[in-house]
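The values are calculated or read from the model by the stated rules, or taken from the named source; none is laboratory data. Source: prediction; values computed, not measured. Note: ideal-geometry Cβ built from the backbone for every residue, glycine included; neighbour counts use all protein chains shown.
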Amino acid sequence: EGKSFNAMETFPIFFKVSNISVYVLPIEEKLSKRRNIRKKGKKKSKLQKKQKSTLWNFWSKLTLFTLLVFIVVVIIWTLLWIFVLKRANEDALYFAGLFRLVNKEFVPEYREKDSREFISMTQNIQHVINAVYRASVFSRLYKQSTISDLSNNNNGGLLVHFWMVFIATKAKSQFVCEDCLSAILKNSIQTSLANRSSVGCLLGLPVDMDSVIVNAALRSDYISTTGTASNCVTNIYAEEPGQMIPLNLHASSERVTCHFKLIGMLGHLIRLTIISVEVEADGCITDSLTIYDSLMPIRSKTLYQICESFNSSSVSFVSTDNAMFLTFKSIQIKGLKSFHGHFEAISQKPCGGTILTKGSIGFEGNITSPYSPSFYPPKCSCSWAFKTPHSDLGIALKFYNYVLKQKGLKGCNHGWWKINEKMYCGYYIDHPTVFYAGSSDVNIIFHCSSKLSDPPLTAEYGSYNISKPCPTGDFTCSTGLCISQSQHCNGLDDCFDESDELTCSIAVKDCSASSPLKQSYFTCDGIKDCEDGSDELNCTNVVPCNVITYKCRNGLCIAKRNAKCDGILDCADGSDESSCGCGIKPGVQSRIIGGSDVEDGEWPWQVSLHFSGSAYCGASVISKGWLVSAAHCFRDDRLSDPRLWTAHLGMRVQGNAIFISEIKRIIVHEYYNTQNFDYDIALLQLRSLWPEAMNSVIQPICVPSSQQVLRGGEKCWVTGWGQRQETDYKDPTTLQKAEIEIINQTLCHSTYEFITPRMLCAGLLSGKRDACKGDSGGPLSCQMKGSGRWFLNGIVSWGYGCGRPNFPGVYTKVSKFSSWIEKHVPTFS
Ligand code: 4AZ
């Protein structure tokens, strides 16, 4: 019999045979006993089973319950991920696009968004766009397209303006680039090589491939132009040429974003004139008026952006087609925001012509950019054929604020010129120049080549004697420009390569009555070159005024960047310097080496730049969100990483900054020379802007214009947290100031041989007061006598030791960089 033993039943290994008794039972009894034993066993296993099953029930219930809880948690988590977390991690990306459908007639019903014609046409186009992107690599991210407008245009066919929305996680969104989306659309257009045309078939639609544009756009623009309820979009049609249609907008209590679609007749262009704009001047961060050369806010079709108020003179812009789009945004409500203007449809005009000059020497007429005095559009071209009556007479072109330089490898950003087969680029500058074309037959082709609309150009033309281009005593610079002796050493970079200024002892202008300056191009150019203003008296010429000009006395328009807040009193009443937003120390009435502690708020533009958490260089605030410092502070890979820097503003004692910002961007001057510290300047863009309430302790310093001349002996202040002695390596905690003198350039040159025109010396010859290590990048602040405003005339750059007699500090001459700063800092243009 199979038996299982428990511990009690186990046989001991040794036992006595005598203890075993044998008891014989009859078979029946035996069997019944056996049955009993079996029954007993059965009874026992039932109990066990019962116990077992209770246990099983408990465990199985527990497992089941845990499983259920687990499933519920998984479901909740999945739903949460799908509906909340995934969404939170996803971004909607908006793109604005444009293409031209050829062979499609525009019908007036397309102007009505609920017309049958518009709906059926847009459904067809939408279907095609959907098909293109759903078959692309972005198929899973593509959400929808919306056709915003179907319009006629001067190239024929239909212009389709559309929006596209993509939904992508933050990680994936970087792959949805505008160039990729544009390439997908273009690649889907089947063109035939045989007919050499840019027109092809986009799933049945005839599309001009060259017209395709796809640009990333702002969500706010998408919402405000395609949303329904609170839309502020107005379509205005100019039905006849010359009809002025007023445009006015006021906003006082709410945030506004309003759009205007200006549409002209076929074959015409739109001329928009802005009379006044009232916005918060913060570099278009919150408030702006943007003009587009399309019917949608497509970035690459921007004609111009106005970021600050003006009302002194009107300014006008011309489109390249029969439509224009305006967006007026005002987010910060601080008083009244408005703009006033008007628009009209104008006919297209060819530009250029054939001009036969007179036999006499001198200027005799003008050529202008297209649609002058309006800003000219980014796409235009003019050609002039000049002829003089004698082969010894050449053609001279005198520009008021523009210069032609031979084209290098780079493209031209402000006009591309071909003059008798030679290429030139045009540059806006702040004084007149004369270009001499040494031939009696001169063919000129001018192409507009800027990103935005550019200010109008006027050039006086006339004949000159090819063998003797310059007035007596003059010399010719390498660029082919004629520079008079008086222009040599006048403090201006007349030759644009500094050659005329390099060997000068001191920058002064000879304004005596007999000076050739008086007869030269400097007279009546709107810039007061002579201290007594005599070069600008009795002028009859009037330079056209526009948004970049500033009307002054005598009916002359003075280039705004030269007139306003440049430290030169251009207008007799000082009005040009009275409303600048820089260079004033609010709240202040009024050891570097040999320095003293400053007072609170005394140098509100002073910034301490911290690298990896420690004070490293100085900088100056020049506008909301922008600082100027020295290029050498960012000289290697690690130092040029903006993420490792912080700017400490409104600070007197280290560690007590009222405002700290990370750095978004560092722009080191492209010509910065690590060997001789030439072009030692850098711009820093802050990641965050200080609140308005801090304006009493954080203020920008004015940037001098290229015209401002600093004379030897003038007193300025250098400030910083740098070393107090050349060998004392412990930096002070309190900002130090020291009054120093501008050193005459000849002396500076004789001390330091390799001084360039972008450097100036300042200090005391005794060496008692000077900048030192740690002050680099900080300001040399000079107060202008007339206006009392402070100007950033220098940036602490280098020097032989610190405070050594006869070795003054060397500073970057900021006036040389006013246009460079303007180019990079939006609020300066
Ligand atoms: C420097 O190393 C430095 N004495 C700055 C200024 C001067 C010398 C050195 C001028 O940052």
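Quick one: is GLY767 surrounded by fewer than 24 Cβ atoms within 10 Å (Cβ to Cβ) and within 13 Å of the ligand (Cβ to nearest atom)?
yes
From PRO586, PRO604, which residue is surrounded by fewer than 20 Cβ atoms within 10 Å (Cβ to Cβ), under 23 Å from PHE791 (Cβ atoms) and not acidic (Asp, Glu)?
Within the list PRO586, PRO604, the selection yields PRO586.
With respect to PRO378, determine if the residue is closer than 27 Å to SER319 by Cα, assigned to a loop (DSSP other than H, G, I, E, B) and in contact with a Phe, Trp or Tyr (Cβ under 7 Å, 6 or more places away or on another chain).
no
Scan segment 786-802 for residues that are out of contact with any strand residue (DSSP E or B) (no Cβ under 8 Å at 6 or more places or on another chain) and away from the ligand (no atom under 16 Å from the Cβ) and jot them down.
Those that are out of contact with any strand residue (DSSP E or B) (no Cβ under 8 Å at 6 or more places or on another chain) and away from the ligand (no atom under 16 Å from the Cβ): GLY786, SER787, GLY788.
Can you say whether GLU460 is over 28 Å from SER819 (Cβ atoms) and not in a loop (DSSP other than H, G, I, E, B), as far as the supplied structure shows?
When the stated conditions are applied, GLU460 does not pass them.
Report yes if ILE355 is out of contact with any Leu (no Cβ under 9 Å at 6 or more places or on another chain) and assigned to a strand (DSSP E or B), otherwise no.
Judged against the criteria, ILE355 is a match.
Residues in segment 692-706: is at least one surrounded by 18 or more Cβ atoms within 10 Å (Cβ to Cβ) and farther than 26 Å from LYS785 by Cα?
no
TRP416 fails exactly one of the following numbered conditions: (1) within 19 Å of LYS451 (Cα to Cα); (2) modelled with pLDDT of 90 or more; (3) buried (at least 20 other Cβ atoms within 10 Å of the Cβ). What is the number of that condition?
(3)
Restricting to segment 345-365, name every residue that is in contact with a Ser or Thr (Cβ under 8 Å, 6 or more places away or on another chain) and under 28 Å from ASN311 (Cα atoms).
Across segment 345-365, there are no qualifying residues.
Can you tell me which of (1) at pLDDT below 90; (2) surrounded by 10 or more Cβ atoms within 10 Å (Cβ to Cβ) is the one VAL74 doesn't meet?
Of the numbered conditions (1) at pLDDT below 90; (2) surrounded by 10 or more Cβ atoms within 10 Å (Cβ to Cβ), the odd one out for VAL74 is (1).
How many residues are at pLDDT 90 or above and away from the ligand (no atom under 16 Å from the Cβ) if we restrict to segment 599-621?
7
Mind checking which residues of segment 247-259 are surrounded by fewer than 22 Cβ atoms within 10 Å (Cβ to Cβ) and in contact with a Phe, Trp or Tyr (Cβ under 7 Å, 6 or more places away or on another chain)?
Of everything in segment 247-259, those that are surrounded by fewer than 22 Cβ atoms within 10 Å (Cβ to Cβ) and in contact with a Phe, Trp or Tyr (Cβ under 7 Å, 6 or more places away or on another chain) turn out to be LEU247, LEU249, VAL256, CYS258.
To keep it simple, each residue is scored yes or no on (1) under 20 Å from CYS232 (Cα atoms); (2) touching a Pro at 6+ places or on another chain (Cβ under 6 Å); (3) surrounded by 24 or more Cβ atoms within 10 Å (Cβ to Cβ).
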{"site": "GLU308", "(1), (2), (3)": "no, no, no"}
{"site": "SER316", "(1), (2), (3)": "no, no, no"}
{"site": "ALA323", "(1), (2), (3)": "yes, no, yes"}
{"site": "SER330", "(1), (2), (3)": "yes, no, yes"}
{"site": "HIS342", "(1), (2), (3)": "yes, yes, no"}
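Checking the conditions here, which among LEU101, LEU93 is within 30 Å of THR234 (Cα to Cα), in contact with a Gly (Cβ under 7 Å, 6 or more places away or on another chain), among the aliphatic types (A, V, I, L, M) and surrounded by 12 or more Cβ atoms within 10 Å (Cβ to Cβ)?
Within the list LEU101, LEU93, the selection yields LEU101.
Would you mention how many residues in segment 803-816 are among the hydrophobic types (A, V, I, L, M, F, W, C) and either surrounded by fewer than 24 Cβ atoms within 10 Å (Cβ to Cβ) or away from the ligand (no atom under 11 Å from the Cβ) (or both)?
Counting residues in segment 803-816 that are among the hydrophobic types (A, V, I, L, M, F, W, C) and either surrounded by fewer than 24 Cβ atoms within 10 Å (Cβ to Cβ) or away from the ligand (no atom under 11 Å from the Cβ) (or both) gives 2.
Among the residues of segment 777-785, is there at least one that is surrounded by fewer than 24 Cβ atoms within 10 Å (Cβ to Cβ), within 17 Å of ASN676 (Cα to Cα), within 13 Å of the ligand (Cβ to nearest atom) and in the same structural domain as PRO757 (by TED's automatic domain parsing)?
Taking every residue of segment 777-785 in turn, none turns out to be surrounded by fewer than 24 Cβ atoms within 10 Å (Cβ to Cβ), within 17 Å of ASN676 (Cα to Cα), within 13 Å of the ligand (Cβ to nearest atom) and in the same structural domain as PRO757 (by TED's automatic domain parsing).
Residues of segment 316-345 being among the β-branched types (Val, Ile, Thr) and either part of a loop (DSSP other than H, G, I, E, B) or in the same structural domain as GLY157 (by TED's automatic domain parsing) (or both), which ones?
Selection gives THR320, ILE331, ILE333.
Name the strands (runs of 3 or more DSSP E) wholly inside segment 169-269 in which the number of residues that are modelled with pLDDT of 95 or more and either at positive phi or β-branched (Val, Ile, Thr) (or both) is 1 or more.
205-217, 233-237, 245-251, 256-263
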